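Read through the structure below, which is laid out as structure tokens, and then see the notes.
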Amino acid sequence: MKKLNTEKYTCLEIFAKAKTEGGKIRLVSGKGSIMEKEASSVFYTWMKFPVEQGMEYEIESGACEVTLCYLSGSGDILETGVRYLEKEKESGRYLPAREELYYDSPIRESYHFAPWKNWMNDPNGLCYFKGYYHMFYQFNPHGQKWSNMYWGHAASRDLVHWVHLPVVLAPQAEIAERPEELVGGAFSGCAVVEGGEAVFYLTRHTEPREDYRKQVESQWMMKSKDMIHFTEEKCVVGEKPEGASFDFRDPKVEKIGGRWYMVLASAIGGKGSILLYESEDMEHWSYLHPLLTEEREGIRSFECPDFMELDGKYVAIGAWMGHRDDCGRLQMSRYYIGSWKERKLETESSGWFDFGSNCYAMQSFAHEGRRICIGWISDFYGEHVERENGAYGSMTLPRQLHVRDGKLYMMPVKEVSLLKGENLYHGEKEDVSLTCIEGNAYRAKIRFLENTWFSILLGKDGEKEISLCNDEGGLRIVTKGVKSEGINFRADVKEVAVLEIYMDRRVAEVYVNEGEAAGTKLFYNSSSHGCFVLKAEKPGNIAEAEVSLMNGIWNGKEGKR
Ligand code: FRU
């Protein structure tokens, strides 16, 4: 019978909860030596067992519920990632997971980043460090719903192919001890690279379950020299300023004009605000004032704010927590472009960050002259379909940002074109009908000679549909037969000259006019086939249309790394 072999790995990490008090995980090596650890019966214990390389082991977990298990600690982990283990149903043995059970699903992205399994939200700590892009993210390893937060971690050499790395941060001990009373954990934050180190800022959140308004949030800092080992966290902003609401989180740090600034999510006087701090040494922070306050009602807080210098302008971006806009869209993110005077943002123009509203908590970072951002593909309309080994949440394609004519432009980074596969259609001046696209992972690009009314069917599953339409109502994503039906996902553009559409099974991302607007929308399709059916009022206005398959980014069946 097949046995688990540790190969090049030196550590086994298991997240386990005892079924009854005293429940243990036991590890028996091929030499007969036994290690065991007791799991808590109220919350998951994150256990790390040192293991010998190239040794056979058996994991005995019958007394516990195990939600995640992997081998880590190899010298080349940034290159090849962790090795996930799964308990084989027949033998009850833990063996390297069969990747196709996770990746080969019509409701699972093939070229967008998603966690190995379970819940993910905001991107955190995005940066480029010693040859790799790093992405951390809000993670619940124990299920497909939001709960106490850990930081997941992934790395990439090219921004499109990622490897999964060990979990980095866990919820506070007091939460793990009293999960019936408290909720929270390692909330969102960022990273900056300075003096050969990555410096992280994040929020620690503790909330009594009986009243979320009693939540306590503070900002912490930690460092790493190799992205595998991290220092202890240190509290750098403990108290919220006068007048700030109980929402006080999501630090984002940037160097602007030679000084360090931190923006934080909050509200002042019931209005969503981004608070501004400054520091000389990255460790001692003083509060200045709100960077901006949104006058519109109904925004509980500006979650995951960002602030940056871009193309000679200054840009603030934030997610409107709890807000519904006049199109019926939930929790839109807004950008504000302006000038920077006396350490205040004088807004000159503003707009929606993503017109599809399934994109939240975007975070940006700068590398080699590019300002790159990634957003969380969120499910605000309750459309998620839960499947065994499934992942809730994924990331948008990395987008490069620019300011042009008072608007924030964004397009997928050039590396995304590495994924372009077989061409399915190339033509002009005619409608396009591709009704059975195997794998449902493709990119379409269309250029129009002049603004033309059209509809493009991007997904169909029985009565359920998603399409992109342009007519007297403007350009918009239209859904039918799903919970977001009736919401007007419209783009703020006057005309449509160029479209780039990325379908990736349950995700549609649309880029308009070389980045003038971007829209992200989820569409759960039970079929493994996709469609692209373009009907234009005047097909003669289609200057060029091209549809190509996109290669997957994961190992095995999904394409190679
Ligand atoms: C946004 C957010 C953040 C918070 C995190 C918690 O999605 O609510 O404000 O830090 O998620 O998971």
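One table, with the values for the structure above:
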| item | result |
| --- | --- |
| Using a Förster distance of 41 Å, the FRET efficiency for VAL498-GLU65 (Cβ separation, nearest 0.05) | 0.20 |
| Of the GluC sites (Glu not before Pro) in the range 360-402, those whose Cβ has at most 15 other Cβ within 10 Å and which sit in DSSP loop | GLU368, GLU386, GLU388 |
| Cα-based radius of gyration of the chain once divided by 2.2 N^0.38 Å, which approximates compact folds | 0.98 |
| Over the chain, relative contact order from alpha-carbon pairs under 8 Å, at least 6 apart, % | 11 |
| Label point 7 Å beyond Cα of CYS327 along Cβ direction - residues of the range 449-468 with amide nitrogen under 13 Å | 468 |
| Loop-located trypsin sites (Lys or Arg not before Pro) in the range 289-376 whose Cβ has at most 16 other Cβ within 10 Å (DSSP) | ARG296, ARG343 |
| P(r) of the range 419-473 over all Cα-Cα pairs, binned every 10 Å from zero, in whole percent | 16, 50, 31, 3 |
| Enclosed volume per residue, in Å³, of the convex hull spanned by Cα atoms of the range 179-279 | 103 |
| Difference of contour (0.36 nm per residue) and Cα-Cα distance, GLU283 to PHE230 | 17.4 nm |
| Theoretical gain in end-to-end length, LYS480 to GLU368 [0.36 nm per residue, Cα-Cα removed] | 36.1 nm |
| Computed log₁₀ I(q)/I(0) - Debye formula, equal Cα scatterers, no solvent, the range 80-225, q 0.13, 0.15, 0.20 Å⁻¹ | -0.68, -0.87, -1.25 |
| Segment GLU181-LYS145, length gained on full extension (0.36 nm per residue, minus Cα span) | 11.2 nm |
| Dimensionless Rg/Rh of the range 416-558 - Kirkwood Rh, Rg from C-alpha atoms | 0.94 |
| Cα Rg over Rh - the range 105-148, Kirkwood | 1.03 |
| For the range 291-330, radius of gyration divided by Kirkwood radius, i.e. Rg to Rh on alpha-carbons | 1.04 |
| Cβ-Cβ FRET estimate between GLU428 and LYS341, R0 fixed at 60 Å, reported to 0.05 | 0.75 |
| FRET E, pair MET55, ASP158, Förster distance 51 Å, beta-carbon r, rounded to 0.05 | 0.90 |
| GluC sites (Glu not before Pro) within the range 481-550: DSSP coil, no more than 15 neighbouring Cβ in 10 Å | GLU485, GLU495, GLU537 |
| Nonlocal Lys pairs with alpha-carbon distance under 17 Å, the range 450-537 (8 or more apart, or different chains) | 9 |
| The range 416-558, relative contact order in percent, only Cα pairs under 8 angstrom and at least six apart counted | 41 |
| Relative contact order for the range 117-250, counting Cα pairs under 8 Å that sit 6 or more residues apart, in percent | 17 |
| Quotient of C-alpha Rg and 2.2 N^0.38 Å, computed over the range 34-130 | 1.26 |
| Kirkwood hydrodynamic radius over Cα pairs of the range 356-446, then Stokes diffusion coefficient at 25 °C and 0.890 mPa s, in µm²/s | 150 |
| DSSP beta bridges in the range 4-96 [antiparallel fraction, %, rounded to 5] | 100 |
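Quick note: the coordinates plus some simple rules give every number you see, no bench work behind them. The structure displayed is predicted, hence computed values, not measured ones. Positions of Cβ are generated from backbone atoms using ideal geometry, with glycine treated the same way; all protein chains shown enter the neighbour counts.
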